Amino acid sequence: MELTSKQRQYLKGLAHHLKPVVQVGDKGISSAVIEKTSEELENHELIKVKVDADAKDRAPILADGTGAAVVQVIGRVVVLYRARKKKPAIRLPA
């Protein structure tokens with residue numbers, strides 16, 4: 001999923017106050033982590049994931065595994081977005 005710069009900026013504003021709901025440990029990204037991340041994306045649409053190391057390297061793996069878009073990577077925190085399958089709550093700007 002590709003986001004425009006305007007959409008990315010909008011989502012960054014929405015994500016600012018969020019706390020991480022998934023944490024990736026030093027063992028890396030497993031199928032259980034991808035499944036948990038996918039569940040949280042279905043529940044919240046926009047989430048933060050805390051990564052112990054190499055957030056820039058692990059962000060694309062999480063995004064590919066869940067079908068989400070990487071909104072931003074700040075330090076060890078990755079912000080992901082994926083619209084719900086039924087009744088999405090977040091309406092992206094055009």
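The values are calculated or read from the model by the stated rules, or taken from the named source; none is laboratory data. Since we're looking at a predicted model, the values are computed, not measured. Neighbour counts are summed over all protein chains in view; Cβ atoms, including those assigned to glycine, are modelled from backbone coordinates with ideal geometry.
Points to keep in mind about this one:
- Hits in the range 43-55 - residues which are within 11 Å of the chain's Cα centre (by Cα) and either part of a loop (DSSP other than H, G, I, E, B) or under 20 Å from Thr4 (Cα atoms) (or both): Glu45, Leu46, Ile47, Lys48
- Close pairs (9 angstrom Cβ cut-off, 6 or more residues apart or separate chains): closer than 17 Å to Lys56 by Cβ in the range 66-94, loosely packed, with under 10 Cβ neighbours inside 10 Å and at pLDDT below 95 anywhere: Ala69/Glu2
- Test: residue in the range 74-88 that is basic (Lys, Arg) and within 12 Å of the chain's Cα centre (by Cα): yes
- Residue list for the range 61-83, restricted to those being out of contact with any helix residue (DSSP H, G or I) (no Cβ under 6 Å at 6 or more places or on another chain) and in a loop (DSSP other than H, G, I, E, B): Gly67, Gly75, Ala83
- Of all residues in the range 59-82, those being under 14 Å from Gly25 (Cα atoms), surrounded by fewer than 20 Cβ atoms within 10 Å (Cβ to Cβ) and not basic (Lys, Arg) number 1.
- The single condition among (1) more than 15 Å from Ile90 (Cβ to Cβ); (2) of a type outside the set (Asp, Glu); (3) touching a Leu at 6+ places or on another chain (Cβ under 6 Å) that Ala69 does not satisfy is (1).
- Breaking point among (1) without any contact (Cβ under 8 Å) to a residue 40 or more places away in the chain; (2) part of a strand (DSSP E or B); (3) not acidic (Asp, Glu), for Lys27: (2)
Yes/no per residue for (1) crowded, with 17+ Cβ neighbours inside 10 Å; (2) part of a loop (DSSP other than H, G, I, E, B); (3) of a type outside the set (Ser, Thr, Tyr); (4) touching a residue at least 24 places away in the same chain (Cβ under 8 Å):
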| site | (1), (2), (3), (4) |
| --- | --- |
| Gln9 | no, no, yes, no |
| Leu14 | no, no, yes, yes |
| Leu18 | no, yes, yes, yes |
| Thr37 | yes, no, no, yes |
| Glu40 | yes, no, yes, no |
| Asp57 | no, no, yes, no |
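- When the criteria are applied in full, Lys6 fails the requirement of being touching a strand residue (DSSP E or B) at 6+ places or on another chain (Cβ under 9 Å), under 17 Å from Arg91 (Cβ atoms) and of a type in the set (Lys, Arg).
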